[in-house]
Every structure is written in structure tokens, then in C-alpha cells.
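The values are calculated or read from the model by the stated rules, or taken from the named source; none is laboratory data. Bear in mind the structure is a predicted one, so any value in this text is a computation, not a measurement. Note that we place each Cβ from the backbone using ideal geometry, even for glycine, and neighbour counts take in every protein chain shown.
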Amino acid sequence: MGEQQRRRQFLRYALALSALLWATACDQERVTSQPPPSSTRQVLPSPPPTRTADITPTAPPQPTITAAPQPATGPEVRFDSVVVRVELARTAEERTRGLGGHAPLGADEGMLFVFPELGRHSFWMKGMTFALDIIWIRDGQVVYVVADVPPPRPGTADSELPIYTPPATANYVLEVPAGFAARWSIQAGSRVGLHGVP
């Protein structure tokens, strides 16, 4: 490489280096001369330190006390897989009325019919507006289930209503929303606990 070529190359490097230094200096000047963007937090001067004599004594903060969840106070029917909050039908009048004309039940709600003696207690859907599962119970276990019992069609005479009778005796009958027994695998032989039921 000749002397003249070396000088040209040297000048190119020198010019490139000068341009780079000049661009860097301009960027530094632009950064320091621009006001901070509106989203940047501004640091405010610190207040003067507080002297001990300026501190007013206060009571220590009181701990927050949160009550533990309380157990349900109403009657419940407890299966291994689910707990049902129930209304009780204990008198002959309450058992006769049952859920007829009642608003639809929630997914974990039902009505427990309490009978004073064992028997093959029959049920029908008079006055019902929603479908039910009917579960007969004796001695802490399910003895029979009729699932997805539909409400009667409007205008159906009482004499035309189907009657549902278990093949075994029971002293409790639980009515729950249709589909409950299938959803929770409730069937004859399933264990049942009654809590808050006299």
C-alpha cells in the first residue's frame, strides 16, 4: 500500500471518529437540556429531620381482629361429597305444602321432610314449578332416589299427577334441585349425616 493510500485511510478513520464524538456530545447535550417527561417522578427535597421533642406520643396501633368463619347455624344434610342447607318440613301441614309454590332452590339447598315414623312415604309434584330429585333416607344412608322429576304441566288435574313411592321404608325425605344426585353421585347406599335436625 502506498503512502498516499495510507493517508487517505487515516483521514477516513479520523473523520469517522470525529463524527462519532460530535454525535455523542450532541446527544449528551440534548439529554441534559430537555425537561423530564411528565411520567417521570420528581424528587422533592426531604423535610428537615424531626427532633425528638417535636414527637407527640400516640397509642400503638391496635391489631385488627378478624372473626373465624362460623359454622352454619341452620339444619344441614351432609353427604360425603356435598353439604345441603335445608328447610325443614316437620308438621303434617308443612309436609303437605312441601315446596309447592316455592321459589326455585339454589344448587346447595333443599327441603328435608321429617316423619315421626318409618314408612314408604309417597310424594307428588302438586304446585311445583321446577324439577326435583327426591331422596329417601333411613339410618344414616340413602335408601332410594328418584331423579329429574318434572313439574306438572299447567292445568294437569291432581288425579293425573304421578305418585313417587320408595320400595323401602324411610323416615326422612330430601328434595333437591334436579340433577343434584347425578352431579354428586348420590345413590342408594350413600352415607348421610343430619345436622341441626331435631
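Consider region 150-176 and keep the residues that are in contact with a Ser or Thr (Cβ under 9 Å, 6 or more places away or on another chain) and not in a strand (DSSP E or B). The one that is surrounded by the fewest Cβ atoms within 10 Å (Cβ to Cβ) is I163.
What is the residue count in region 91-149 for residues that are of a type in the set (A, V, I, L, M, F, W, C) and in a strand (DSSP E or B)? Spell out the reasoning first.
Step one: list which residues in region 91-149 are of a type in the set (A, V, I, L, M, F, W, C), which gives 92, 99, 103, 105, 107, 111-115, 118, 123-125, 128, 130-132, 134-137, 142-143, 145-147, 149.
Those left that are additionally in a strand (DSSP E or B): 111-115, 118, 123, 132, 134-137, 142-143, 145-147, 149.
So the count comes out to 18.
Between G189, G179, the distinction of being surrounded by 12 or more Cβ atoms within 10 Å (Cβ to Cβ) and either at pLDDT 95 or above or among the hydrophobic types (A, V, I, L, M, F, W, C) (or both) belongs to G179 only. Being surrounded by 10 or more Cβ atoms within 10 Å (Cβ to Cβ) and at pLDDT below 90 is a condition met by at least one residue of region 61-72.
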